[in-house]
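Every number in this text was worked out from the coordinates using simple rules, so none of it is lab data. Bear in mind that the values here come from a model prediction, so they are computed numbers and not experimental data. Heads up, the Cβs are rebuilt from the backbone with ideal geometry, glycines too, and the neighbour counts pull from every protein chain shown.
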Amino acid sequence: MGTSMYVLLVLAGLVIGGGVGFYVRNLQKKEEEMKAEDEKNRVLRDADSKAKEMLFEARNESLKIQEEAKKEERNKRMQLQKVEERLVKKEELLDQKMESSEKLKEDLEAKVTSVKQLKLDVQAIYEQQKGQLEEVAKLSKEDARDLLLKKVEEESKDEIVEYVKKLEAAAKEEADTKAKHIIADAIQKYAAETAVESTATIVALPNDEMKGRIIGREGRNINTFEQITGVDVIVDDTPGSIVISGFDLVRRYIAKVTLERLIEDGRIHPARIEEMVKRVKEEVNVLIKELGDRAAIETGVVGLPNNLIKILGRLKFRISYGQNVLKHSMEVAFLAAHMAAELGADANICRRAGLLHDIGKAVDHEIQGKHAIIGRDILKKFGMSDPVIHCVEAHEGDIEAETIEAKIVQAANLISISRPGANKDNLDNFLKRLEEVENLCKSFEGVKASYAIQAGREVRIFVDPDKVDDLQAIKLSHDIAKAIENDLKYPGQIKVDLIRERREEAFAE
């Protein structure tokens, strides 16, 4: 009984435990299923929310793209409309020009026809009058001319003879005073080789690739070179050479030597260009002194002060009437000394005055006034003798020549500039006009340098950036252009190119 009860209790416990376990497992399973369901619902909700956000963003992006497309379409439509309007205007303008050309052509044809007819009418009238005159006079044109000349010769014969006698008598009376002038006139027939100075210098290049290096990136090298030297560099298709153009011989010489040395050196950049130009300018100052010494030695003029010799050497880089002024001065010295020896005047005074007669031209672009008067003041400053000073101040006729030496220097000067091939007055006037343009520009406050280029068609002006700002630069360019219009005479037009540039340097050590 006891054992059976125990077994029953164990069995009952197992059954109850199994039932409880089953129930607990069912509850756990349901909980897991509910959690899984909740997780699934949460994932679905998140996915739905992200899908809605992506859809919203896609819709906004689509609207933006549509808006940009519409905007671009409107811009293109406006551009096409503007192009169409320009084409219409050009077409209308072309039609007007064609109509005007046709009308002008018709007018010209009518005028040509009228002129031809008028010429025929005049010719007919001339032939008619000619025939009537021959018929009235019963003489041909040639017979009438011969008869008239013969009659005039017979009536004027006595008067001509008496007039010749009077001239001979007057010549004999003034023989002593006119003898020197007759000799001077005879010397004027003397002709020698004349070298007319040019306003351009050609520089040979080792190869055409060097042109690109001279120009530099975006024209940097050539612009710096032109700005510093004040010349115009012409680089064209001519093989193996470039041209340096400018009316100032000193600038052209400095530019030529600088460019040749840069080509030889191979280093071409703005800093090197500035360094080389500075060095060549110093060498040119030494060269000017040597040229003055050489001219004084060759002409036999001794004892001139060193500073006066330097001024004399500057004449090598000055032209007048197409002649190099230093060569012209040496020639006047030789002619004046020779004439003085023939006429019994003081040859030393004539030689010295002939060499120094144009000394004022070395500084006449810096000092206002006539070069003869400027030369007189220079020679007074250096203590030259009064007879020499008088010859210089009177050589252009501004002051009456009171001595035979002054008259001889006058004659020698005229001989040198008047002989065949020497007189180039147009070139001289042209160069003076360029100097006037440059000096006028330099007279304005704030202008550092000015260079007339392009044969006087353009003036390039550099201003001090610390004194002139951008707005003042615009006003200054207009003021200079107005001053050129009012104060100078020139053909065509002159472009005023004003440059304001600031450059800074720094060194890394």
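Quick rundown of the values:
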| read-out | value |
| --- | --- |
| DSSP-assigned coil residues among trypsin sites (Lys or Arg not before Pro) in the stretch 236-293, each with at most 16 further Cβ atoms within 10 Å | Arg267 |
| Surrounding net charge for Ile399, when Lys and Arg each add one and Asp and Glu each subtract one, Cβ distance under 9 Å | -4 |
| Glu400 versus Glu53: modelled label distance in nm, points set 7 Å from Cα along the beta carbon direction | 11.4 |
| Contact order relative to length of the stretch 428-500, as percent, for alpha carbon pairs under 8 angstrom and 6 or more apart | 34 |
| Out-of-range pairs (alpha-carbon distance over 28 Å; input Lys448/Lys489; Lys310/Lys448; Lys76/Lys475; Lys381/Lys407) | Lys76/Lys475 |
| Phi to ³J(HN,Hα) by Karplus 6.51 cos²θ - 1.76 cosθ + 1.60 over the stretch 47-57, Hz, x for Gly, Pro | 4, 5, 5, 5, 4, 5, 5, 5, 5, 5, 5 |
| Cα gyration tensor shape for the stretch 322-423, rounded if a/c is under 1.5, else prolate or oblate | oblate |
| Qualifying trypsin sites (Lys or Arg not before Pro) in the stretch 343-384, DSSP loop, other Cβ atoms within 10 Å at most 16 | Lys370 |
| Inter-label distance for Tyr126 and Asn60, nm, one decimal - labels placed 7 Å from Cα along Cα-to-Cβ | 9.7 |
| Estimated inter-spin distance, Ser100 and Glu33, nm [label 7 Å along Cα→Cβ] | 10.0 |
| Summed residue charge, Cβ within 13 Å of Val43's Cβ, Lys/Arg positive, Asp/Glu negative | 0 |
